[in-house]
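Taking it in order: structure first as structure tokens, then the write-up.
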Amino acid sequence: QVQLVESGGGLVQPGGSLRLSCVASGIDASIYHMGWFRQAPGKQRELVAQIFAYGSTTYADSVKGRFTITRDNAKNTVYLQMNSLRPEDTAVYSCNAQRFTKYWGQGTQVTVSS
């Protein structure tokens, strides 16, 4: 059974930082393309950042220079370091693993507010 479990969300003030974690079980995450998506109320889900199995990364324009996606294959875990957070970053953040099949985590809430 494949599971992706996210953690690290919460309430943070504008300008603050959070680090999200996504722990995979039931798959070897090192051979999957791993991504973080987010969905704000009333908006469509959007790709935030992706790290490919061969190591390259891609980011949404809105988070470039502020967010960093990394992976620790020994821990079967992907991270999203989020700095300089803005109110518009408020959303449910979900982890995704993709190869021939897509798997999704349940998501973790990130709220940026003073």
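The values are calculated or read from the model by the stated rules, or taken from the named source; none is laboratory data. Because the structure is a prediction, the values reported are computed rather than measured. Positions of Cβ are backbone-derived with ideal geometry, glycine not excepted, and every protein chain shown enters the neighbour counts. For the accessible areas, the whole protein counts, side chains as well, though only heavy atoms, and no ligand, DNA or RNA atoms are used. Shrake-Rupley method; radii C 1.70, N 1.55, O 1.52, S 1.80 Å.
Residue count for segment 57-76 satisfying the condition of being under 17 Å from ARG38 (Cα atoms) and in contact with a helix residue (DSSP H, G or I) (Cβ under 8 Å, 6 or more places away or on another chain): 2. Of the residues VAL23, VAL5, VAL92, VAL12, the single one that is under 14 Å from the mean Cα position of the chain (by Cα) and either under 14 Å from VAL112 (Cβ atoms) or of a type in the set (Ser, Thr, Tyr) (or both) is VAL92.
For segment 72-104, the set of residues classified as outside any strand (DSSP E or B), under 18 Å from PRO41 (Cα atoms) and either among the hydroxyl-bearing types (Ser, Thr, Tyr) or in contact with a Cys (Cβ under 8 Å, 6 or more places away or on another chain) (or both) consists of THR90 only.
The residue that is most open to solvent (accessible area, probe 1.4 Å), among those in segment 1-22 that are out of contact with any Gly (no Cβ under 9 Å at 6 or more places or on another chain) and outside any loop (DSSP other than H, G, I, E, B), is LEU11. Screening ARG66 with (1) surrounded by 13 or more Cβ atoms within 10 Å (Cβ to Cβ); (2) charged (D, E, K, R); (3) closer than 18 Å to GLY105 by Cβ gives one miss only, at (3). Number of residues in segment 23-45 that are loosely packed, with under 13 Cβ neighbours inside 10 Å and of a type outside the set (Ser, Thr, Tyr): the value is 7.
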